[in-house]
Amino acid sequence: MTQNLQAVRGMRDLLPGQTPLWQWMEREIARVIGAYGYQEMRLPLLESTELFKRSIGEVTDIVEKEMYTFEDRNGDSLTLRPEGTAGCVRAGIEHGLLHNQVQRLWYQGPMFRHERPQKGRYRQFHQVGVEAFGLPGPDVDIEQILMTRRIWRALGLEGLELQVNSLGTAAERVAYREQLVAYLREHEALLDDDSRRRLTTNPLRVLDSKNPALAEVIAAAPSLLDFLGPESRAHFDAVCAGLRAAELQFVVNPRLVRGLDYYARTVFEWVTTELGAQGTVCAGGRYDGLVEQLGGRPTPGVGFAVGLERIAALLEAEGERDGLGAPHAYLLAFGEGAEAAALLLAERLRDRLPWLRLVMHCGGGGAKAQFKRADRSGAAYALVLGDAELAGGVVGLKPLRGGGDQENVSNQGLAAVLAARLQAN
């Protein structure tokens, strides 16, 4: 027996009933980002594996365990991008966009990580990424965090909590790492296998453990904020002051470290309790050393990424946008003459009202069957064209939602009447 083919584990199809929400969500996010003067880039899905080893860090979980890496026919090691910042920086260096320039850039698309699939976590997932280059001060950190708040307002999302922290400079983290490792060694018997492994590779990631058995040990660990020098402390204090001035509530979380090695100073996350273990819906921070690390001139950078699957899950749970993407009108035709005329009528309406979502019934059928399909489509109105209407130069206009009787509207005036009714609703 032939086995039925299915999507690869951790990859999923977005079906027609789901894509209108995604299209609306992507439009709203792009509109907000554009209002801040950021310009879109479109980046390749495939990059050299070395790019991610040099940027994310060879001892991170992403590089060690999660990347989709393979050799192509030329023997080159390539990787499906697990995140977007490294590719954006690579493109900026390659095309001369970064040196002695200020750039505000954004991109969107799929990312790939070989993780264990669960609610809110897929092996192919989608992000919108926002990056700013050439701006060293805390003002752009604040601007981007305020931008994320505006995105939530545009989407109608509430209940998200903002957490912020500072990772200081590389030198400050070295001093902190020594103290953290010494503390964790004292409690090594309480650590799980993953945390013991990280002790010798990336001990800051122990602080990000989701194992509840380690909660007390992590809570009592030294705080990185105590190791910040005067400049890092002033930068972080300015970020916090700017957020307070904008009346944006936040929590300082000294255990927030992020999973990528390139972060420094400001880091932040927006989290929710509505998605179980996958509670982070947006995360980012400053990465002032990354451009130089990848071969460019020293250039400050800061950015964030929004996880679209998780945002969509929150919007779907609210259920307030179920009608997105439904047609405005469904055109029914009865009789050979009316069927031929209906095709031309549909085209004229689309010419007059370019924004109109109009479904033309195809395949024939009686009145009952056609009205049943019209109702199932979710359309607000049925347009009815039979031989009698054709002869009288009118079209029947019947509300399908909220009741109301069918009325005849002149063929020539139909576009104006339909537009007025739809805009009134």
Boolean, residue 178 is free of Cβ contacts under 8 Å to residues at least 24 places away in the same chain, of a type in the set (Asp, Glu), under 23 Å from residue 202 (Cβ atoms) and exposed (fewer than 15 other Cβ atoms within 10 Å of the Cβ): yes
task: Name every residue in segment 138-163 that is in a loop (DSSP other than H, G, I, E, B) and touching a residue at least 12 places away in the same chain (Cβ under 8 Å), in order of residue number.
output: 156, 157, 159, 160
- request: Determine the pairs where a residue that is under 10 Å from residue 380 (Cα atoms), located within segment 411-425, has a partner that is at pLDDT below 90 and assigned to a loop (DSSP other than H, G, I, E, B) with Cβ atoms under 9 Å apart, the partner being 6 or more residues away or on another chain.
  value: 425/401; 425/402
message: Among the listed residues 367, 340, 317, identify the single one that is closer than 30 Å to residue 110 by Cβ and surrounded by fewer than 13 Cβ atoms within 10 Å (Cβ to Cβ).
response: 317
- request: Starting from segment 66-88, keep only residues that are without any contact (Cβ under 8 Å) to a residue 12 or more places away in the chain, then list their pairs with residues that are of a type outside the set (Ser, Thr, Tyr) and outside any loop (DSSP other than H, G, I, E, B) whose Cβ atoms are within a distance under 8 Å, requiring at least 6 positions of separation or different chains.
  value: 70/78; 71/78; 72/78
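One line per residue, one yes/no per condition, for (1) under 22 Å from residue 12 (Cα atoms); (2) outside any helix (DSSP H, G or I); (3) under 23 Å from the mean Cα position of the chain (by Cα):
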site	(1), (2), (3)
52	no, no, yes
79	yes, yes, yes
87	no, no, yes
92	no, no, yes
101	no, yes, no
108	yes, yes, yes
query: Among the helices (runs of 4 or more DSSP H) confined wholly to segment 204-299, which include 1 or more residues that are modelled with pLDDT of 85 or more and more than 21 Å from residue 194 (Cα to Cα)?
result: 230-245, 290-293
message: Test of understanding: among 84, 10, which residue is outside the structural domain of residue 307 (by TED's automatic domain parsing) and not polar (S, T, N, Q)?
response: 10
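The values are calculated or read from the model by the stated rules, or taken from the named source; none is laboratory data. From a predicted model like this one, the values you see are computed outputs, not experimental measurements. We place every Cβ from the backbone using ideal geometry, glycine too, and count neighbours over all the protein chains shown.
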